[in-house]
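The values are calculated or read from the model by the stated rules, or taken from the named source; none is laboratory data. Just so you know, these numbers come straight off a predicted model, no measurement behind them. No Cβ is skipped: glycine too gets one built from the backbone with ideal geometry, and neighbour counts run over all protein chains shown. These area figures cover heavy atoms from the full protein model, side chains too; ligands, DNA and RNA do not enter into them. Shrake-Rupley method; radii C 1.70, N 1.55, O 1.52, S 1.80 Å.
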Amino acid sequence: MTPTEYEYLRKFLRDHSGLDLSADKQYLIESRLLPLARKAGISGIGELVQKLQGAGSGALVTSVVEAMTTNETFFFRDKVPFDHFRDTIMPEIIKARAGRRSVRIWCAAGSTGQEPYSLAMSLKEMGAALTGWRVEIIATDLSQEVLEKAKAGIYSQFEVQRGLPIQMLMKYFKQTGETWQINPELRAMIQHRQLNLLHDFAQLGTFDVIFCRNVLIYFDQDTKINIFNRLARQIEGDGFLVLGAAETVVGLTDTFRPIPERRGLYKPNDARAAAAKPALAGAAPRVAVMAGR
Amino acid sequence: MKTCLVVDDSSVVRKIARRILEGLEFEVTEAEDGSKALEVCQHKLPDAVLLDWNMPVMDGFEFMGHMRRLPGGDQPKVVFCTTENNVAHIAQALSGGANEYIMKPFDKDIIADKFAEVGLIPVGQAMV
């Protein structure tokens, strides 16, 4: 790929999807776009760029953007957020919700299911601490195709070896030939729904924990701010927002604040959350704590 | 530098594994069967063993049993790396003292993930 071609694709992706590639992501472009080019009968990146510049390239534009923005996902991706979930988030929730004994979690970019299932496995591993609790995990994604895969919970041998400890594979999956399917008990913990984050999501209700990782990077500043502000309305006053390693609210909105020493973890700012949800935000958690005593 | 003993009867697999592990900053030694691997371990135990199952002379499972009984033999992290991809074999390996299990074919990402899983490399390194 020539530097000119790379620069063209960088700008093209920035304009069409907000995806902002750094100067050294040639390998990423090649690994994602060469298979696509081959399928479309295009000889290489050079010809692909020519086709994109030409008229009537609508379908190609869409598939290039999709190929570049579809995220690689694997179990317990990045590890640290799931450690936070186990060691910080859930212990606090278990205390704060001891009265109503229920927790609602939203995976806002649930993709092919690895993230919601990783959370489901983490919750199972907590064992007795959650006995009798009502656990709700809602996994949403833009793509129906991706949701179908998530729902089925069937993964290739390659996929189950990314991020998943072997003990968990043995405990929570059933082998069928060359594939592995997550157990029905864990599948039943998750509701899968199609959702575009650009659209209204108030109907989903209020959550204790929102995982929204590696999806906002594809949006421009204003859209990010808009989504953060709307997320703030769907989160309990003492809830948690979890963002991807390369994402932050800092400099964008004051509806959330980072939790010190817990990278990727945010809490709604009391004042702002109260303003967004005058009746609920302040009172609900206090009631729950009192009821727990 | 941490050390890893790669045990596989295929010289091609050993070569690929060596390249990946050297990329992860391991000092690599090789053995072509369990018995040769045991000789290496009797001399000096590595930090990690990447272990094939089916090999001539002594298979990987038998080797692991002998190695675990050496003084300090409970220390090395054993990661199986084999075409035996069924639940029975995995369960047998784990109960016999394996720390992780890779089903072939493998690549750099899988090795990095599994090595991070058992604490042989920092998690961040596996994400690259």
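Counting only trypsin sites (Lys or Arg not before Pro) that are in a DSSP loop and have at most 12 other C-beta atoms within 10 Å, tell me the longest site-free stretch of chain B.
Result, exposed sites excluded: B:70-128.
Just to confirm, what accessible area per residue do you get for chain A at 1.4 Å probe, in whole Å²?
47
What is the dipole size for the protein assembly as shown, taken about its Cα centre, with +1 at each Lys and Arg Cβ and -1 at each Asp and Glu Cβ, in debye to the nearest 20?
In total the dipole reaches around 1520 debye.
For helix A:114-125, what angle does its Cα long axis make with the longest principal axis of chain A, in degrees from 0 to 90 and rounded to 10?
30
For helix A:26-39, report the angle its Cα long axis makes with the longest principal axis of the Cα atoms of chain A; keep it between 0 and 90° and round to the nearest 10°.
70
I need the phi-derived Karplus couplings for region A:202-212: 6.51 cos²θ - 1.76 cosθ + 1.60, θ = phi - 60°, integer Hz, Gly and Pro marked x.
4, 5, 6, x, 9, 10, 7, 9, 10, 8, 9
Sorted by mean Cβ packing within 10 Å, highest first, what order do the peptides A:132-138, A:163-169 take?
A:163-169, A:132-138
Relative to the longest principal Cα axis of chain A, at what angle does helix A:283-292 sit, 0 to 90 degrees, rounded to 10?
50
Considering every residue in A:159-172, what mean count of other chain Cβ atoms within 10 Å of its Cβ is obtained?
So the per-residue partner count for this stretch is 5.
Which loop-located GluC sites (Glu not before Pro) does region B:1-62 contain, where loop means any DSSP state but H, G, I, E or B and the Cβ has at most 16 other Cβ atoms within 10 Å?
B:Glu25
Check which residues have an amide H placed less than 5 Å from B:Val49's amide H, if you skip close sequence neighbours.
B:Leu5, B:Lys77, B:Val78, B:Val79
What residue among A:Thr248, A:Thr62, A:Thr112 shows peak mean-square fluctuation when chain A is described by a Gaussian network model with Cα springs under 10 Å?
Most flexible of the set in this elastic network: A:Thr62.
With the dipole of chain A worked out from charges on the C-beta (+1 for Lys and Arg, -1 for Asp and Glu) around the Cα centre, which of A:Ala232, A:Ile42, A:Met189 lies farthest toward the positive end?
Result: A:Met189, furthest along the dipole toward the positive end.
Please state the charge dipole magnitude for region B:2-121, taken about the Cα centre, from unit charges on C-beta atoms (+1 on K and R, -1 on D and E), reported in debye and rounded to the nearest 20.
Value, rounded to 20: 160 debye.
Under a cut-off of 20 Å between alpha-carbon atoms, report the lysines in cross-link reach of A:Lys25, not counting same-chain residues fewer than 8 places apart.
Excluding near neighbours in sequence, the set is A:Lys11, B:Lys108.
Identify all lysines with a Cα-Cα distance to B:Lys104 below 28 Å; exclude those on the same chain that are fewer than 8 residues away in sequence.
By straight Cα distance, B:Lys104 reaches A:Lys39, A:Lys79, A:Lys149, A:Lys151, A:Lys171, A:Lys174, B:Lys2, B:Lys15, B:Lys36, B:Lys44, B:Lys77, B:Lys114.
What are the extents of the Cα atoms of region A:80-292 along their three principal axes, in Å, largest first?
In descending order, the Cα extents are 54, 42, 33 Å.
In nm², what is the average projected area of the convex hull enclosing the Cα atoms of the protein assembly as shown?
Across all orientations, the protein assembly as shown yields a mean hull projection of 23.9 nm².
Using only alpha-carbon positions, what ratio does the radius of gyration of region A:3-69 give when scaled by 2.2 N^0.38 Å?
Taking the Cα Rg and dividing by 2.2 N^0.38 Å, one obtains 0.99.
Could you check how much of the accessible area of chain B is carbon and sulfur, as a whole percent, using a 1.4 Å probe?
53
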